[in-house]
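Beneath this line is the structure, given in structure tokens, with notes to follow.
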């Protein structure tokens, strides 16, 4: 409750571990601030599109919860969050009274049919963006350096230059943008889940509807390294490339320090610029790793070369959580992963439902994805991206607190994708991507009622065929004459009379209060009065 | 055995063991909360026994007796009157429930487990499970399409890893059955998910019932004879007609003994079927033609369209692992929850399954959560994983609800057992602690 | 009224002008351009319609067909067909290919399809990608020349939502830009050379007596053949069609598969000032209704199929052609199957759409005027208007009603099927 008083001014950096803010984030914030200033200076234009979500309980994702508040956006960017806001004439309003407002969710590793659609008359073209860039690079070079089958490794021919890296990234973004189906039914399903940003082949994509402009949110923010125990050759290559890149940066630094412009710039020969970017902190190094030994190796590698790893899988992470925490790792985990440790092992191992919680408690930034990252309409219920919050619920089952669980499907994946300056929380200056739910987002019965992307309503449960028939939205209470939704309520604080809701928010003797996350809903898992 | 209503058995059991229980019951019925209150999420604490004269008590443990007490914030009995105690106490004596109600004084020799923020619910029951062998192996024998004397017993691995994890998630009773590769797949075992036990210690009933497969899976290949639905149905009916005739004539065949018991109504039969015509065909054959104690299992895709027919014929439905349909077989024009549709159709006993390992055995509760998400009532979905499956398979007198005289299979969780966020703290089977999160660490 | 008066005047003139004159009196004429005319009279001369009106008096001596129980419509136009063409091709970029080069006249299918009332066919080249240009023919004649109405009526372009596909189209226009630059450079060079030549020749004239410049002048004079015509560099054969698109000498038929493709198409060509229309096959579950409004606002022409489709994942039927027409789209409908039998069923299928809510006039235009418009032949074909080709189909009832038969077909003034006497 104390956090409420700080309201939406907390930046995302404060929310997580501030000492680890992603480098890309820092630059972006500056741009953003500059932009914000420009906007202030401008006169208000009649062509501006104002959108307001009015009267809902706003869970900003920064720790603050504003009861009966309004989120106001201008041209797709959040302008203000609060009570008694002045809404300019012509503001489009969405009445969210009695409902909750959360930031749009961010889905990592989403399958390509999400944005490509499936309901197309022609068979799928041979390119699948999720497969990576194999088919894109003009001469197939982009992935050649990952080819681990070669005994003899030709270090000159296959080293990507700055230009290669640029071309590869652009082609990938182009492919994603150019194949985006803004009418895809899977897109609607994603929005029905509350997902507003999705990763397609390491690239963040904004899930816009009915339009194809500006869906590509930026270059990919991660670069995949292979450091698998099962492939000694690629391990050697990865280490070599890191060494060369590191050496190059050292030489570069020395050259710059010398300041002798006549002296030739250090040679880039044999230096893989992807690795240089990793070491410069321009992109994250991504690994697929589950095994304890691999995880330890990655942690050590990261500390030695001072980069931040994003570890996909991270199944046995809970056994080496402190090492991963020290290495500043991000982990993308599936709490329900089932893989018992080998009977031959004495050490702890295998999957654990507590993985997310243990990693989080050691400072690892945890993102959650379900085991199946597509949308299954004929599969098993509750195991795919349609149920992303359910998967986060399983992380809570393993001991993760509710705040961190919400972060694991909003801010942390946004950071991994390098778009946390735009999405992941509801804050002034960020994109107006919000979801309006009929209850606690992490409760299994809760449905997203509306989804707003860039200040436009893109999903209304009642208007789509999928879930409209389930618990139809109750009619909103009538307003007193002259009353405007979002005006009457005040910020809930400690002194406020404890109404039913407030009590639910902060159980007096909540077990997790000592974690300082009391402002967020404790949910049924921790709540004696949990529904059933 | 014909009756699926366990209440009379319960009373007799209670009377035989503990006369004191009658006093308890009298007090408790007055103080129980209704199911309506549960649904409205505004649970009033039980108002307590109004008859001071019949104050409930628990008798001391006698020499050689074992027992324990569990005190919880909320106790959901899932009994015939849907009693809920808030707070509540369960007392176990010699593996059976000795007392269920609001907290009362417990003799000192009873170890008391106090979970004053947690919920107690009956152990969950899954009727469609193949994890008795610990893996996918050894569940289908594919030579003959009709295997009326095949049993899973030899392949059972008690307390295997799948079963142990299931236990840690509150699943305490499983109907371990053969696969659906053949039309009559054999006889399954009803067993408990004890975490460290022998075969004899886990058996609830052997054989627990028969497994049949009506359409889809057996059609892929039923052996040399009968690869089609029609051919397999013909073979099944031939076997059934013969058994029925033998039962009618009073003939005994040692190799067909259990099959005869199915036709005498003494053993239930669980039938794998899906789609509307599959469900309808199953009901028509196994209820309409042979009047067996049959349970429709799966009933997926558009199977719920035959829900009203199953309801009319009084056949229980055990739904899963697919619990929703969008456009398989028919275009639903919506994401249709199977549970919601079957409940609406008025199926007498509706239950949910995982078909483990198709769905992990420990996620049985999630079938309830997701069904509730898609429109069914959460309380009814808790019933669909506890008392309803137990009654469907004719073990309602033993498991599925927390009532005096029944097996002490109790699950303590930190909240709504259907909520994935709730943790299971303690699992007791037959009065013994099988899993304790505090003691064993969190398995799931 | 004015129209009738002028018609009467022309009738008098016409009567004395030609022996080729034929008057046709029928129960009803579906003119397409002026709606339905009851008790209609048409005057045909030299293969052209010269007059259409209600109950016009016919001068004595003019041969007259009098069929009060018949309905006449313009000849049907199918702008998207491969009838009689049998080559096959895969994905390609061959915009210069002409379907005309693979035409075999004198095939039975052409005779047969004429009997279904189809008097104009747009024949397109095979293959996906950008496979070439279509031609418009009358299904009658012994040679290409006899069959040909117009060549290069449209360039077929398939576009799907993919970087590869969009890049192909984008680059095709970029090549035109490159060519234009080349031309501009060549022109500049030519202009400079021309200026120099003019200067030099002036100098030469001036300096005829000047000995000092004589030597130089001799050199120049030897080369000076007078003003040279500017000869722009020849464009590449594959660039040429796109130049023609830009110059509006050629039209583009954009073949797309789903609603999303349309936005990607606009993304590529929104700044191109070219004439284009859409071909969108109607398959089950297509989401085309999502862009009906946008297509209507832009008054696009869409060539599609007379099919009832289902809304994705539902059993809800959608009459997409009707929806498009209602939104203001120019709808052209082609037979559902590209065979003679398909052409026989054509109007029945369209009639089904009418029975389920499609505007009747729009449906009639969809098989006559709109497909003619697609091929840029709307001035010549597709409606019963003076000056247009006398392509007429005589029906014994409502063309959309089941059981209605074709009594006769007139192609450019000649009865080519049936009998009108």
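Bear in mind these aren't lab numbers, they're just calculated from the coordinates by the rules spelled out. The model shown is predicted, which means the values in this text are computed figures rather than measured ones. With ideal geometry, Cβ positions are generated from the backbone for all residues, glycine too; neighbour counts draw on all protein chains shown.
Below, the figures for the structure above:
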item	result
Average beta carbon contacts from partner chains per residue of B:117-130, 10 Å cutoff	1
Pair residue A:257, residue C:237: separation of 7 Å Cα→Cβ label points (nm)	6.5
Likely footprinting exposure, C:178, A:462, A:391, fewest C-beta neighbours within 10 Å first	A:462, C:178, A:391
Efficiency of FRET from Cβ geometry, residue C:55 and residue C:338, R₀ 51 Å, rounded to 0.05	0.80
Sorted by Cβ neighbour density within 10 Å, fewest at the top, the residues A:116, C:175, C:166	C:175, C:166, A:116
Kirkwood-type radius of region B:301-444, with distances r between different C-alpha atoms, in Å	16.1
Highest-MSF residue in chain C out of C:341, C:136, C:390 [GNM, Cα springs under 10 Å]	C:341
Length-normalised contact order for region C:77-153 - Cα pairs under 8 Å, 6+ apart - percent	37
When region B:389-444 is reduced to its Cα atoms, the Kirkwood hydrodynamic radius in Å	12.4
For A:348-354, mean number of other protein chain Cβ atoms within 10 Å	3
Residue list for region A:302-322, given a label point 7 angstrom along the Cα-to-Cβ vector of residue A:240 and an amide N cut-off under 20 Å	A:302, A:305
Region B:164-319: Rg to Rh, with Rh as the Kirkwood radius over Cα pairs	0.99
Most mobile of B:248, B:400, B:338 in a GNM of chain B (Cα contacts under 10 Å)	B:248
Whole-Å distance, taken between Cα centres, linking region C:227-257 and region C:120-192	7
Calculated over region B:242-383: convex hull of Cα atoms, volume per residue (Å³)	111
Neighbouring partner chain Cβ atoms per residue of B:361-369, average, 10 Å criterion	4
Among C:291-300, B:183-192, the order from most to least packed when residues are scored by Cβ within 10 Å on average	B:183-192, C:291-300
Relative contact order %, chain C, counting alpha carbon pairs below 8 Å whose residues are six or more apart	19
Surface/4 of the Cα convex hull for region A:363-414, nm²	3.7
Peptides ranked, highest mean first, by Cβ atoms within 10 Å: ranges B:389-397, C:393-401	B:389-397, C:393-401
Mean separation of Cα contacts under 8 Å (6+ apart) over length of region A:113-416, as relative contact order %	13
Tail fraction, Cα-Cα pairs, chain C, threshold 40 Å, whole percent	31
More than 16 Å apart - percent of Cα-Cα pairs taken over region A:170-257	67
Ranked by how many other beta carbons lie within 10 Å on average, peptides A:399-409, B:262-272, C:54-64 from highest	A:399-409, B:262-272, C:54-64
Förster-model FRET efficiency, 30 Å R0, residue B:253 and residue B:330, C-beta, rounded to 0.05	0.10
Where a label projected 7 Å from the Cα of residue B:63 along Cα→Cβ would reach, residues of region B:71-114 with amide N under 12 Å	none
Degrees, to the nearest 10: C:163-206 long Cα axis against longest axis of chain C	40
Distance (nanometres) between label positions extended 7 Å along Cα→Cβ at residue C:195 and residue C:89	4.5
Where labels lie 7 Å past Cα in the beta-carbon direction, separation of residue C:248 and residue C:202 in nm	3.9
Over region C:77-153: Rg over Rh, Cα atoms, Kirkwood Rh	0.96
With Cα atoms, 0 to 90° folded angle of helix C:340-355 axis to chain C main axis	70
Cα-derived Rg over Rh, computed across region A:113-416 with Rh taken as Kirkwood radius	0.99
If the convex hull is drawn through the Cα atoms of region C:73-209, its volume per residue in Å³	183
Kirkwood hydrodynamic radius of region B:124-392, Cα pairs, Å	18.2
Backbone N within region A:325-339 under 19 Å of label point (7 Å from residue A:303 Cα along the Cβ vector)	A:325-331
Antiparallel DSSP beta bridges within region B:124-392, percent to nearest 5	35
Overall dimensions of region A:224-263 as given by Cα atoms, namely Rg and Dmax in Å	15.0, 47
Evaluated over region C:33-82, the Cα radius of gyration and Dmax, each in Å	13.4, 45
Degrees, to the nearest 10: B:7-17 long Cα axis against longest axis of chain B	50
Order of C:311, A:99 - criterion: other Cβ atoms within 10 Å of each residue's Cβ, fewest first	C:311, A:99
